[in-house]
1. Subtracting the Cα-Cα distance from 0.36 nm times the residue separation, let me have the gained length for D48 to A93 in nm, one decimal.
2. How far is it, in nm, from the label point at I63 to the one at S110 when both lie 7 Å from their Cα along the line to the Cβ?
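We did not get these values from a lab; they are worked out from the coordinates using the rules stated. Just so we're clear, the structure is a prediction, and the values are computed from it rather than from any experiment. Cβ sites come from the backbone with ideal geometry, for glycine too, and all protein chains shown count toward neighbours.
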Amino acid sequence: MGKTLKRGAAFGALARALTAGARGGPALGARLAALPRMIRATSRGEYDGGLRLALMTAATAYIVSPIDLLPEIPLAIFGLADDAVMVTWLAGAVLSETERFLEWEARRSSVIPGHVVP
């Protein structure tokens, strides 16, 4: 019974942390919802996230690919290390890039379209 309560409390705390967002930043749901908008804005040339999106796509492809730099079977735990590093990097990249995009999006909404007259 005690372990169940602790586990429930841990999952509750995790859910609250994900909903509230890290370091007072956007919540995880807002970040995930921003991904399609970020991809669209980048593909239109409005947002400068092309290289970062390409790196995140390559990391995702590497993680889901059956071909590994360090194969899991013969190298056991060391074979999982490269995947763990990629997942960690990808999570951090998605968090930082979506936060940057959401800030860009907020600034962009306060700008009146037009051109500068000297």
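1. 14.7 nm
2. 3.3
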